[in-house]
Every structure is written in structure tokens, then in C-alpha cells.
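Quick one: the structure is below, and I'll ask about it shortly.
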Amino acid sequence: MSSSEVKVLGAWASPFVMRARISLNIKSVDYEFLQENLGSKSELLLKSNPVHKKIPVLIHGDKAISESLVIVQYIDEVWTSSESILPSDPYDRAIARFWAAYLDEKWFPSMSKIARARGEEEKKAAIKLVQEGLVLLEDAYTKCSKGKMFFGGEKIGFLDIALGCFLGWLRVTEKAHKVKLIDEAYSPGLVKWAENFCADAAVKDVMPETDKLYEFSKVLMAKMRAPQKPA
Amino acid sequence: MATEVKLFRSWSSRYALRIVWALKLKGVEFEAIFEDLSNKSSLLLQYNPVHKKVPVLVHNGKPVCESLVILEYVDETWNGAHPLLPKDPFAKAEARFWAKFSDDKLMPLIRKATLGNGEEKEEARVLTAENLKHVEELLKGKKFFGGEKIGYVDLAFGWMAYLINVLEEVSGATLIKKEEFPLLSKWMENFYEFPEFKESWPDHDRLITKFKNYG
């Protein structure tokens, strides 16, 4: 299968896009990475994700798949000769999916609230929420990893990808607001896990450098603060 | 062995109903535990400490939470009868996409379009109509989203079969006109009339009262 048959529409800074790229790397699938420009959407994006017009989109031959976790599962189910991304047991799969949904619906939005907080009180409350979430995630990590390195066991899996993709932005948040989020005090397992995740062969080339992401975050903040028309 | 499978639900939870339907389709016996959501049981809080919500499926003592996660678990565990998701990875991806669309996009829009206020309500009505077109498209040449049989996407959209009427009545807004959405209207009828689901519908009048109190 030539690399032009698989494309990822995305952006280097997007954690959701990273999920797709990590998954393809795990499966050793070559792909073309087509980056969208901030503030404008390509024809290809509008055509392949007409419902949401969002990245990531995985293009596989003539098929377009949207929604990052849907993409990860698709990749896992198509390229079956390589490492599995989802656990094999239905109950373990349910647990992994549960926490992935929690990350997208609760935890990541709570992290975004830190940047949007107005005033110290709001910021403190937002930070507390994220830290409380990390306590839950530490417990999930202990239960899922069963003493191994990753949520997925010996190798990175679905939940590692679902959470790990946020590490870049998490570090930017820690730097920008001078706060420790993944902390030895209440999430020692995750501290070690984060290091190992970022060092993984499937991850290290797609995880953005914190400094580069930090500079980019300032550009985004400026855009956010400017008056905008609703999408 | 009915007690092997328990489902924590409430009288009106549209999410819990998905699981009721799935278990019925699969012929799985289960014990339904009705929660009063204003006074949650300690068992519910123990089984779903993160969200403290229904539905929770408890299978052999192990809890599964989040309705779409539960649907996949049910499909994978009771994989003999009535498959809910297609086998083909792309068809599966599409099914998952549309289920998310129901919850992340359509439901909030319909809520705003019926229970919202002023400008927000009007904007939501327009966006609802646009987004319903996608759903109508999906039904071309099909009886159910799943094809000949009810599937995962039908269960995800199932809330529409009984709630749209309620929300339209409460708000006075008509969202789904037969002339505009003939396939979707027919699907709502077919789903509502599906024999195995006849006993499952929450009481209409009680729902009207509930949603009148939201405004």
C-alpha cells in the first residue's frame, strides 16, 4: 500500500491529530501528513468532513474517517497484523473507552478552562479541577497497567494514546501558569508514565516540543482574545 | 440467571433506554434498577463514582458506564444474537461517528431549539434543520440506519422517536416536518412501533411535565 493511499489531514499542534499519527506509527503505516493552516480550511477538509469541518480526518483510499477516537479504532481494526491498540478483553475495552470519553468530555475541557480563566480565583478553581481529574486518572492507571508501564500493559494502547496526546499542552499549561499538574505528590505513576510515553518510538517524532508549542499557544491566545464571528 | 445483568436506569433517561433496547434485541435477561436521580443510591455512586449517572450496566458484579461504551460492550459480549455494529471497519467507523454526532451535535442543538431562549433558540432551529439533513441522507434506501435491522446508530438516535414530539409540544416549535424529512419521519414511526420496544416508552404526560419545568 503506497503512502499516498493514507493521508492525515491535521496540524502539528493538535493533540487529536496526534492520536491518529501515533496509531499509524504503531502499525508502521506510511502516510502523507497534510497540514491545515490556522484560520482557513482546505477544500479537501471541507469535502472529507462536511459535517464538522474539523481535523483530524483520516483518508484511506476513497474513504474519509473523522473523530479522533473513531479514527484510532478504525486504524486498529484495518491493520490487524501489527500490535493491537485496543485491549482484547471486552471489559478492558469498555474501561479504556470509558476513560477516553472522560478525557474528551470532562478532563481536556477542564484543562482548557485554565487558559480561559479570568482572575486568580477562577484560575485556582480550574487548576484544582484538572488536578482532581489527574487523581482519578492515576487510579485508572494503577488499575489498567497492573504493574506494567502503560495503560495498555507492556506497549502503549488506546488509553495511553487518548491521554498522552495532551502531554504537550499540559506542559505548556504548567509553564504558562507556573503550576505542576502531573505531580509526584498525587500522581507518581503518571509522572513516570508520561516520560515513557513521550520516549516511545511511535510518539517521539509527533509529540511537539514544549517550547515550540508554548510560542504557538501565545499566537492562539491572541486570536482567542480578538473579537470573532461565531463559526 | 437474571441477576447476572443489572441495569441502573431512571424512568426517563434516554441514555439508559439505549441499553434496555439493546438487551431486548439480544434476548438478554436483566434486572432493571430504577434510580431516583434526586436521591441517588449508594450502589449507583459506588458503581459510577466518576459521573454518578445512569445508565450503569453491571455484569457479573463489574460496572460499565457511558451508554455508547455500554452498547459496544453488550455487542461484544453477547455476540451471538442481533449484531449491533457492522463487521466492516469503515461501516463501523461511520456508525460510531453518527452516534457521537447524535450526542455531541444534534442533541444540544435540539435542546436549544426547543428549550432555549430568544436569538439562541432561533439560531439553533436553523442549525438543527441543516444537521437533520445529514440524518435524512443516511436513511436513503434503508428502513433503519442499520439496514433491514435495528443497529447501533438506530439505538443512538432512538431518543428522537419519542422525545421530538414531547419537545415540539412543550416549545410549540416544529422541528421535523413530514414533507421536509420524510425518511426520518418514517424511521421515527417504525422505531416507535417496533414491537419489542412497545413497553419501553416513558410516560408522555410525565415527560411533558418534566420538560415544561426546564424553561
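Since every read-out is calculated from the coordinates, none of them should be taken as a lab result. Predicted, not measured: the structure shown is a model, and the values here were computed from it. Every residue, glycine among them, receives a Cβ derived from its backbone with ideal geometry; neighbour counts consider all protein chains shown.
Which loop-located chymotrypsin sites (Phe, Trp or Tyr not before Pro) does region B:150-215 contain, where loop means any DSSP state but H, G, I, E or B and the Cβ has at most 14 other Cβ atoms within 10 Å? All intermediate terms of the calculation are to be shown ahead of the outcome.
Details: sites: B:Tyr152, B:Phe157, B:Trp159, B:Tyr162, B:Trp187, B:Phe191, B:Tyr192, B:Phe197, B:Phe211, B:Tyr214; in loops: B:Tyr214.
Within region B:150-215, the qualifying chymotrypsin sites (Phe, Trp or Tyr not before Pro) (loop, at most 14 other Cβ atoms within 10 Å) are B:Tyr214.
If you don't mind, another one. With +1 assigned to the C-beta of every Lys and Arg and -1 to the C-beta of every Asp and Glu, and no other charges, what is the dipole magnitude of chain A about the Cα centre in debye, to the nearest 20?
Values: 33 positive and 31 negative charges, 187 e Å.
Roughly 900 debye for chain A.
Is the shape of region A:1-112 best called rounded, prolate or oblate, per the rule: a/c under 1.5 gives rounded, else a/b larger than b/c gives prolate, else oblate, with a ≥ b ≥ c the square roots of the Cα gyration tensor eigenvalues? Write down the numbers at each step before the final one.
Values: a/c = 2.03, a/b = 1.16, b/c = 1.74.
In terms of gyration-tensor shape, oblate.
Please work out the C-alpha center-to-center distance from region A:58-96 to region B:148-202 and express it in whole Å.
31 Å
Next up: Based on the alpha carbon coordinates of region B:85-215, what radius of gyration and maximum Cα-Cα distance (Dmax) apply, in Å?
For region B:85-215, the Cα radius of gyration and maximum Cα-Cα distance read 14.9, 45 Å.
Once every DSSP H run of n ≥ 4 in chain A is given -39500 (n - 2.57) and the sum is divided by its residues, what mean residue ellipticity at 222 nm do you get, rounded to the nearest 500 deg cm²/dmol?
Working: 10 runs with 123 residues, N = 231.
Helices in chain A give a 222 nm mean residue ellipticity of -16500 deg cm²/dmol.
Tally the DSSP beta bridges in region A:1-89 and give the antiparallel ones as a percent, rounded to 5. If you can, show how the numbers build up before the last one.
Working: 8 of 12 bridges.
Of those bridges, close to 65 percent are antiparallel.
How much of the calculated P(r) for region A:90-214 lies past 20 Å, in percent of all Cα pairs?
Working: 3250 of 7750 pairs.
Of the Cα pairs, 42 percent sit more than 20 Å apart.
By the gyration tensor of its Cα atoms, with a ≥ b ≥ c the square roots of the eigenvalues, what is the shape of the protein assembly as shown: rounded for a/c under 1.5, prolate for a/b over b/c, or oblate? Walk me through the intermediate numbers first.
Details: a/c = 1.39, a/b = 1.32, b/c = 1.06.
Since a/c stays below 1.5, the shape of the protein assembly as shown is classed as rounded.
Turning to a different aspect of this structure: Counting other C-beta atoms within 10 Å, which of B:His204, A:His52 has the fewest, and how do the rest follow?
Lowest to highest Cβ neighbour count: B:His204, A:His52.
Can you list the trypsin sites (Lys or Arg not before Pro) in region B:76-117 that are in a DSSP coil and have 13 or fewer other beta carbons within 10 angstrom?
Values: sites: B:Lys87, B:Lys92, B:Arg96, B:Lys100, B:Lys105, B:Arg111, B:Lys112; in loops: B:Lys87.
Answer in residue order: B:Lys87.
Right, something else. Output the direction-averaged projected area (hull surface divided by four) of the convex hull of the alpha-carbon atoms of chain A, in nm². Provide the component values of the computation, followed by the final result.
Working: hull surface 52.0 nm².
Taking the Cα atoms of chain A, their convex hull projects to 13.0 nm² on average.
Here is a further query. What does the charge dipole of region A:3-78 about its Cα centre add up to, to the nearest 20 debye, if the Cβ of each Lys and Arg holds +1 and the Cβ of each Asp and Glu holds -1?
Numbers: 9 positive and 9 negative charges, 51 e Å.
Result for region A:3-78 is approximately 240 debye, rounded to the nearest 20.
Could I ask something else about it? In this model, which of B:Lys52/B:Lys140; B:Lys40/B:Lys133; A:Lys27/A:Lys178; A:Lys113/A:Lys175; A:Lys63/B:Lys62 are farther than 27 Å apart at the alpha-carbon? Write out the running numbers ahead of the final one.
Numbers: B:Lys52/B:Lys140 39 Å; B:Lys40/B:Lys133 39 Å; A:Lys27/A:Lys178 37 Å; A:Lys113/A:Lys175 15 Å; A:Lys63/B:Lys62 37 Å.
Over 27 Å apart, Cα to Cα: B:Lys52/B:Lys140; B:Lys40/B:Lys133; A:Lys27/A:Lys178; A:Lys63/B:Lys62.
So what's region B:5-77 giving for Rg/Rh, alpha carbon basis, Kirkwood Rh from the mean inverse pair distance?
On the way: Rg = 11.1 Å, Rh = 12.0 Å.
Ratio of gyration radius to Kirkwood radius: 0.92.
Then there is this: In peptide A:88-98, what is the residue-averaged number of other protein chain Cβ atoms found within 10 Å of each Cβ? All intermediate terms of the calculation are to be shown ahead of the outcome.
Details: counts 0, 1, 10, 8, 0, 5, 14, 6, 1, 7, 11.
Mean partner shielding for this stretch: 6.
Which whole number gives the average count of other chain Cβ atoms within 10 Å of the Cβ atoms across peptide B:43-52? Write down the numbers at each step before the final one.
Working: counts 0, 0, 0, 0, 0, 1, 2, 8, 5, 0.
For peptide B:43-52, the averaged partner shielding equals 2.
Right, next: Considering only Cα-Cα distances, which of the following residue pairs are longer than 30 Å: A:Lys143/A:Lys218; B:Lys6/B:Lys92; A:Lys47/B:Lys87; A:Lys128/B:Lys53; A:Lys155/B:Lys6?
Details: A:Lys143/A:Lys218 37 Å; B:Lys6/B:Lys92 27 Å; A:Lys47/B:Lys87 26 Å; A:Lys128/B:Lys53 22 Å; A:Lys155/B:Lys6 34 Å.
Over 30 Å Cα-Cα: A:Lys143/A:Lys218; A:Lys155/B:Lys6.
Between the DSSP loop rule and a limit of at most 16 other Cβ atoms within 10 Å, which GluC sites (Glu not before Pro) in region B:71-174 are left? Each step should come with its number before you reach the end.
Working: sites: B:Glu72, B:Glu76, B:Glu94, B:Glu119, B:Glu120, B:Glu122, B:Glu123, B:Glu130, B:Glu136, B:Glu137, B:Glu148, B:Glu168, B:Glu169; in loops: B:Glu148.
Sparse-neighbourhood loop GluC sites (Glu not before Pro): B:Glu148.
What is the extension gain from A:Asp30 to A:Ala201, computed as 0.36 nm multiplied by their sequence separation minus the C-alpha to C-alpha distance, in nm to one decimal? Numbers along the way, then the final one.
Numbers: separation 171, 0.36 × 171 = 61.56 nm, distance 1.45 nm.
Extra length from A:Asp30 to A:Ala201 when fully extended: 60.1 nm.
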